[in-house]
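For reference, the structure is listed below as structure tokens.
What follows draws every value from the coordinates through simple rules; no lab data is involved. Remember, it's a predicted structure, so these values are computed and weren't measured experimentally. Positions of Cβ are backbone-derived with ideal geometry, glycine not excepted, and every protein chain shown enters the neighbour counts.
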Amino acid sequence: MKYHFDLAGTTTVKASNGSAPLNGTIDAVLDLKTGNYTAALVLKKTTAKLSILGFLPGTADVDFAQVGDTTGTLKDGVLTSSSKVIVKLPSVKLLGVEIAGGPTCVSKTPADIALKSTEAVFNPLKGGPITGTYTIPELKDCGALTAIVNPFAAGPGNVIKANLTR
């Protein structure tokens, strides 16, 4: 059975005490007998607001490229999903001045994003809230300051909180 969901929420960037809005879509095909599904995840470009060294304002334009299908299960009312995305940073600004980024500024490996429904029963006819944590892999080819950008962008402990709606 086919399902389309709109995704809206936020993600935190732990390394720089930042956050970004998330918006996108998920188109899933669910096998009703097994509860397994595959899906296409599309996350729209966004801008993260960062705090470098705890007090310097920065921003990063963020884009995502899905690697393979999102996979998961809907069993006993619990939705789980696993996605892999390459994280792209076309522009990184500190105090409004671009210091890094570009078309080649990407994560060295895909980020593994595991999400799980947060309500007792996920309703595939209505949607519901999902959450999870993930690691932003080390970035490469972001310009002369790549080594300086990585400690404020890459790392574990990032959180996604979102809602899926039909």
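Treating the beta-carbon of each Lys and Arg as +1 and of each Asp and Glu as -1, no other charges, what is the dipole magnitude of the chain about its Cα centre, to the nearest 20 debye? Can you show the working numbers first?
Details: 16 positive and 12 negative charges, 36 e Å.
Roughly 180 debye for the chain.
Taking Cα centroids, how far is the stretch 5-35 from the stretch 103-121 in Å?
8
As a quick test, which of the pairs Lys14/Lys140; Lys2/Lys84; Lys44/Lys84; Lys2/Lys44; Lys45/Lys75 have an alpha carbon distance above 26 angstrom in this structure?
Numbers: Lys14/Lys140 19 Å; Lys2/Lys84 21 Å; Lys44/Lys84 15 Å; Lys2/Lys44 22 Å; Lys45/Lys75 31 Å.
As for pairs spanning more than 26 Å Cα to Cα, those are Lys45/Lys75.
Which whole-number percent gives the relative contact order of the chain, counting Cα pairs below 8 Å spaced six or more residues apart? Show your work: numbers first, answer last.
Working: 470 pairs, mean separation 36.7, N = 166.
Computed value for the chain: 22 percent relative contact order.
With runs of 4+ DSSP H residues as the only contributors, calculate the mean residue ellipticity of the chain at 222 nm using -39,500 (n - 2.57) per run, divided by the residue total and rounded to the nearest 500.
On the way: 1 runs with 8 residues, N = 166.
One gets -1500 deg cm²/dmol as the mean residue ellipticity at 222 nm.
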